[in-house]
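The values are calculated or read from the model by the stated rules, or taken from the named source; none is laboratory data. All values derive from a computational prediction rather than experimental measurement. We place every Cβ from the backbone using ideal geometry, glycine too, and count neighbours over all the protein chains shown.
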Ligand SMILES: [Zn+2]
């Protein structure tokens, strides 16, 4: 299954973290090639060709000014990749030659102007097809990569899973290495700070609040007397006073609060 992979440009150009299998098939590489990945121009830009020579010049300026490049010194290719490239080369060259023959033949053999025009048009279409096939034999296109994010990464839109897994593992290893490096730097910085600033200067006492020593105690449960339920009588109470209902315990002299003005 094909997946999309985006590899940091630094990995591609230095070769560090570059997978050992090819991007397209996930097969072990048998050859490593110098490959120049480039960013793609919007397909609409190619409509400028319709304007003729001026359009072609403008297109060339757009491509040369916006194109970002990432050079891989040793990019992996498997036997299938090499085969694909050779096939594209032969097919492209063959079709180009056929287009050339059509163009020349139609002019040389045909007698009527209409036949020459038709033959020429057909020849040009075949020539363009051959040129496209030849372009597809380029190493970056065989690898299936293009530069994105202003040259920060190289994208493989239809990469093999094995290739993607290796690329991801390399990026994770790099992230871990970076994190470890940052931690080491931080530790070294802390040690340096500790050496330069060993404790508070003399005369300065650590701040403490005046009543910080006495934290508020949690509220204690109220005495048993407020409890409407009769408390279990201790043996001494049981001997001195007889058990009475809760109402009888209230002092008779105390008038009800409702009568107060
Ligand atoms: Zn391959």
Top-ranked residue of region 155-176 - restricted to ones that are crowded, with 17+ Cβ neighbours inside 10 Å and within 16 Å of the ligand (Cβ to nearest atom), ranked as nearest to residue 40 (Cα to Cα):
156
Scanning region 16-36 for residues that are exposed (fewer than 13 other Cβ atoms within 10 Å of the Cβ) and either away from the ligand (no atom under 13 Å from the Cβ) or under 19 Å from residue 149 (Cα atoms) (or both) gives 16, 34
When region 39-48 is checked residue by residue, the ones that are in contact (Cβ under 8 Å) with a residue 24 or more places away in the chain and surrounded by fewer than 18 Cβ atoms within 10 Å (Cβ to Cβ) are 40, 41
Lone qualifier among 135, 104, 147 - being more than 33 Å from the chain's Cα centre (by Cα) and either modelled with pLDDT of 85 or more or exposed (fewer than 13 other Cβ atoms within 10 Å of the Cβ) (or both):
104
Qualifying residue in region 61-80 (condition: farther than 30 Å from residue 22 by Cβ and surrounded by 14 or more Cβ atoms within 10 Å (Cβ to Cβ))
yes
Can you name every residue in region 63-83 that is within 16 Å of the ligand (Cβ to nearest atom), in contact with a strand residue (DSSP E or B) (Cβ under 9 Å, 6 or more places away or on another chain) and either at pLDDT below 90 or in a helix (DSSP H, G or I) (or both)?
79, 81, 82
The condition from (1) surrounded by 15 or more Cβ atoms within 10 Å (Cβ to Cβ); (2) touching a helix residue (DSSP H, G or I) at 6+ places or on another chain (Cβ under 6 Å) that residue 122 misses is numbered (1)
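For (1) in contact (Cβ under 8 Å) with a residue 60 or more places away in the chain; (2) farther than 18 Å from residue 139 by Cα, each residue gets a yes or a no:
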site	(1), (2)
2	yes, yes
30	no, no
33	yes, no
62	no, yes
66	no, yes
70	yes, no
86	no, no
94	no, yes
100	no, yes
